[in-house]
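Peer 1: Encoded as structure tokens, here's the structure I'll be asking about.
The values are calculated or read from the model by the stated rules, or taken from the named source; none is laboratory data. Because the structure is predicted, anything quoted here is derived from the model rather than measured. For neighbour counting, all protein chains shown are included, and Cβ atoms are generated from backbone atoms with ideal geometry for every residue, glycine included.
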Amino acid sequence: MAMEASVIERMIKEALPDAEIVIDDLRGDGDHYSAKITSSAFEGKSRVQQHKMVYDALQGKMGGDLHALALQTGTPGA
Amino acid sequence: MSDNPVFDRIKSEVSDTDVVLFMKGTPMFPQCGFSAAVVGALTQMEVKFKGINVLEDGEIREGIKAFSEWPTIPQLYVKGEFVGGCDIIKEMYEAGELQKMFDDKGVTYAA
């Protein structure tokens, strides 16, 4: 039950093509990540909506294959 | 009433109590770092909340994820509304937004 950071990044990019993504493997175990994601698609959305967009991009991996992904989302220039 | 009994239970929980935290473990003994972080913020603010231990209730554990359309635990509800998971609550707490939300919704807290 682990995921490569590159896979996470690719899945997010597919859903949010303009996203700037910085992923940290917090424990080096491929299971606990943090991600900072900036995308214009988040404009006008609440934090809950923004995080849901990322979870949707991960197509059910979150809470399954991926145990922990600490999210910080924002819009460009914010 | 929906045709899903678990959703009905969740609905009555979040409408009966102003602040409800679906978590792993109990407020006294959180069994997950993310749940502990949210308990820590709420405790710092001295806000009264009810912790629901999803580890003791498999129906609620899966049901709450579908109900909120949110894949992870913890989940914080205030006045029946889903506020967020650990990252959002931490961010809101640090930015003073959690305090503002409690003010706006008329939830009392000390600090």
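Peer 1: When the residues of region B:74-91 are narrowed to those that are at the interface with chain A (Cβ under 8 Å from one of its Cβ atoms) and closer than 12 Å to B:Leu21 by Cβ, which ends up surrounded by the fewest Cβ atoms within 10 Å (Cβ to Cβ)?
Peer 2: Ranking the qualifying residues of region B:74-91, first place goes to B:Phe82.
Peer 1: Provide a single number: the residues in region A:50-78 that are in contact with a helix residue (DSSP H, G or I) (Cβ under 8 Å, 6 or more places away or on another chain) and within 21 Å of B:Met92 (Cα to Cα).
Peer 2: Total satisfying the criteria: 13.
Peer 1: So which residues in region A:12-40 are farther than 23 Å from B:Ile89 by Cβ, hydrophobic (A, V, I, L, M, F, W, C) and either crowded, with 17+ Cβ neighbours inside 10 Å or more than 11 Å from the chain's Cα centre (by Cα) (or both), if there are any at all?
Peer 2: If the condition is that a residue be farther than 23 Å from B:Ile89 by Cβ, hydrophobic (A, V, I, L, M, F, W, C) and either crowded, with 17+ Cβ neighbours inside 10 Å or more than 11 Å from the chain's Cα centre (by Cα) (or both), then A:Leu16, A:Ala19 are the ones that fit.
Peer 1: Against the definition (of a type outside the set (D, E, K, R), without any contact (Cβ under 8 Å) to a residue 12 or more places away in the chain and more than 9 Å from chain B (Cβ to nearest Cβ)), how does A:Gln49 come out, yes or no?
Peer 2: yes
Peer 1: Do you know which residues across region B:23-36 are in a helix (DSSP H, G or I) and crowded, with 17+ Cβ neighbours inside 10 Å? Break it down stepwise before answering.
Peer 2: Narrowing region B:23-36 to residues in a helix (DSSP H, G or I): B:33-36.
Matches in region B:23-36: B:Phe34, B:Ser35, B:Ala36.
Peer 1: Answer yes or no as to whether A:Met62 is out of contact with any Asp or Glu (no Cβ under 9 Å at 6 or more places or on another chain) and facing another protein chain (nearest Cβ under 9 Å).
Peer 2: So A:Met62 fits the description; yes.
Peer 1: So B:Pro71 clears everything in (1) touching a helix residue (DSSP H, G or I) at 6+ places or on another chain (Cβ under 8 Å); (2) modelled with pLDDT of 95 or more except one condition, right? Which one?
Peer 2: All conditions are met except number (2).
Peer 1: Quick check on region B:32-54: of everything there that is over 18 Å from B:Glu91 (Cα atoms) and within 14 Å of another protein chain (Cβ to nearest Cβ), which residue is modelled with the lowest pLDDT?
Peer 2: The qualifying residue modelled with the lowest pLDDT is B:Cys32.
Peer 1: Also, quick follow-up: Out of all the residues in region A:14-36, is one or more within 14 Å of chain B (Cβ to nearest Cβ), in a helix (DSSP H, G or I) and more than 15 Å from B:Ile88 (Cβ to Cβ)?
Peer 2: Within region A:14-36, none of the residues are within 14 Å of chain B (Cβ to nearest Cβ), in a helix (DSSP H, G or I) and more than 15 Å from B:Ile88 (Cβ to Cβ).
Peer 1: Also, quick follow-up: Which residues, counting only those in region B:55-73, are farther than 21 Å from A:Leu58 by Cβ and either within 11 Å of another protein chain (Cβ to nearest Cβ) or hydrophobic (A, V, I, L, M, F, W, C) (or both)?
Peer 2: Selection gives B:Leu55, B:Ile60.
Peer 1: Okay, moving on. Given (1) in contact with a Pro (Cβ under 7 Å, 6 or more places away or on another chain); (2) more than 14 Å from every other protein chain (Cβ to nearest Cβ); (3) closer than 23 Å to B:Arg61 by Cα, where does A:Ala2 come up short, assuming only one miss?
Peer 2: Evaluating A:Ala2 over (1) in contact with a Pro (Cβ under 7 Å, 6 or more places away or on another chain); (2) more than 14 Å from every other protein chain (Cβ to nearest Cβ); (3) closer than 23 Å to B:Arg61 by Cα leaves (1) as the failure.
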